[in-house]
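Just below is one structure, and these are the notes that go with it.
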Amino acid sequence: VSDISLVDYIGVKEKYSKYLPHTAGRYQTVRFRKAGCPIVERLCNSMMMHGRNNGKKLMTVRIVKHAFEIIHLLSGENPVQVLVNAIINSGPREDSTRIGRAGTVRRQAVDVSPLRRVNQAIWLICTGAREAAFRNIKTIAECLADEIMNAAKGSSNS
């Protein structure tokens, strides 16, 4: 992980480098526990969105597996490293928040916390892949692979 602020929030330790991204952990019980969740599993969990896909983790694991195989074939690099680079590049560094004062609402620029950067980066990658695959010949795995590779390169296509 090249970004020093995200080192603690992107789980790529040795014990996480399993082939099946499914730990069945309860990451919501304690604050910041999901920061220790393997990053590939968080990608899988984020792919399980939009009512018809809720709870279908095996399907999303298969999608991510195919996407990683495509990334490895096209780039020749480690797909997990490409995913980490994509998350570092696509996470927002600054955001705006609402501050209400005397009945008027102003927007105030604020820095984004590292965990929120990772969360939003994963959400943006998954949403972009889902929208690209909708009503398209390309499969969701191909679209996810394209999205991750473009985000890792810093391309404007992602």
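For residue 137, the conditions (1) surrounded by fewer than 22 Cβ atoms within 10 Å (Cβ to Cβ); (2) of a type outside the set (Gly, Ala, Ser); (3) not in a loop (DSSP other than H, G, I, E, B) all hold with the exception of (3).
So is residue 147 acidic (Asp, Glu), crowded, with 20+ Cβ neighbours inside 10 Å and within 23 Å of residue 24 (Cα to Cα) or not? No: the conditions fail for residue 147. When the stretch 42-72 is filtered for residues that are among the aliphatic types (A, V, I, L, M) and touching a helix residue (DSSP H, G or I) at 6+ places or on another chain (Cβ under 9 Å), the ones remaining, listed by number, are 43, 47, 48, 49, 59, 61, 63, 64, 67, 70, 71.
Over 13 Å from the mean Cα position of the chain (by Cα), in a loop (DSSP other than H, G, I, E, B) and without any contact (Cβ under 8 Å) to a residue 40 or more places away in the chain: is that true of residue 23 in this structure? So that I can check it myself, show each step before the final result.
Details: over 13 Å from the mean Cα position of the chain (by Cα): yes; in a loop (DSSP other than H, G, I, E, B): yes; without any contact (Cβ under 8 Å) to a residue 40 or more places away in the chain: yes.
Spelling it out, residue 23 is indeed over 13 Å from the mean Cα position of the chain (by Cα), in a loop (DSSP other than H, G, I, E, B) and without any contact (Cβ under 8 Å) to a residue 40 or more places away in the chain.
On the basis of being among the basic types (Lys, Arg) and closer than 20 Å to residue 85 by Cβ, does residue 117 make the cut? Taking the combined requirement at face value, the residue satisfies it.
Output the number of residues of the stretch 54-83 satisfying the condition of being modelled with pLDDT of 90 or more and on the phi > 0 side of the Ramachandran plot. Matching residues across the stretch 54-83 total 1. In the stretch 27-51, which residue that is of a type in the set (Ser, Thr, Tyr) and under 15 Å from residue 115 (Cβ atoms) is surrounded by the fewest Cβ atoms within 10 Å (Cβ to Cβ)? Here the answer is 27. Screening residue 16 with (1) within 24 Å of residue 91 (Cβ to Cβ); (2) modelled with pLDDT of 80 or more; (3) surrounded by 15 or more Cβ atoms within 10 Å (Cβ to Cβ) gives one miss only, at (2). A count restricted to the stretch 133-146 and to residues that are within 20 Å of residue 61 (Cβ to Cβ) and without any contact (Cβ under 8 Å) to a residue 24 or more places away in the chain stands at 4.
The values are calculated or read from the model by the stated rules, or taken from the named source; none is laboratory data. Predicted, not measured: the structure shown is a model, and the values here were computed from it. Quick reminder, even Gly has a Cβ in these numbers, built from the backbone with ideal geometry, and neighbours come from all protein chains shown.
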